[in-house]
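This report concerns only the one structure given below.
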Amino acid sequence: MGIIENINKLFDHRIRLGIMSILMVNDDADFNRLKELLDVTDGNLTSHIKALENAEYILVEKQFIDRKPNTRYSATKLGKMEFKKHIDALEKLIRK
């Protein structure tokens, strides 16, 4: 078993790493909150969210609040498990 076996390529990018980090410590976050915390453009955030959604690591929930669209994101059980494995692998790599 290689030292980097559990490092997940999907979390290689800082924005996807940031999205998952935020969703691991919060039940959910809306688009504007993620955008603000990560300091990224709409298009950039959208493409990274799509990659995580396609992997079924995050759940997307669209609704209207005061007649305005609101999109919230939360980490799925699979996403949390994969992210934890990724972080554990990084920690093992650092300790070597």
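The values are calculated or read from the model by the stated rules, or taken from the named source; none is laboratory data. On a predicted model such as this, the values are computed, not experimentally measured, just so you know. Cβ placement follows ideal geometry from the backbone for every residue including glycine, while neighbour counts extend to all protein chains displayed. Side chains are part of the model used for accessible areas, which takes the heavy atoms of the whole protein and leaves out ligands, DNA and RNA. Shrake-Rupley method; radii C 1.70, N 1.55, O 1.52, S 1.80 Å.
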State all residues of the stretch 1-51 that are within 18 Å of T76 (Cα to Cα), in a loop (DSSP other than H, G, I, E, B) and open to solvent by less than 50 Å² (accessible area, probe 1.4 Å); if no residue qualifies, say none. N8
From (1) of a type outside the set (S, T, Y); (2) out of contact with any strand residue (DSSP E or B) (no Cβ under 7 Å at 6 or more places or on another chain); (3) modelled with pLDDT under 95; (4) outside any helix (DSSP H, G or I), pick out the condition that doesn't hold for K62. (2)
Please find, within the stretch 52-96, the residue that is nearest to D28 (Cα to Cα) out of those that are β-branched (V, I, T) and open to solvent by 60 Å² or more (accessible area, probe 1.4 Å). I65
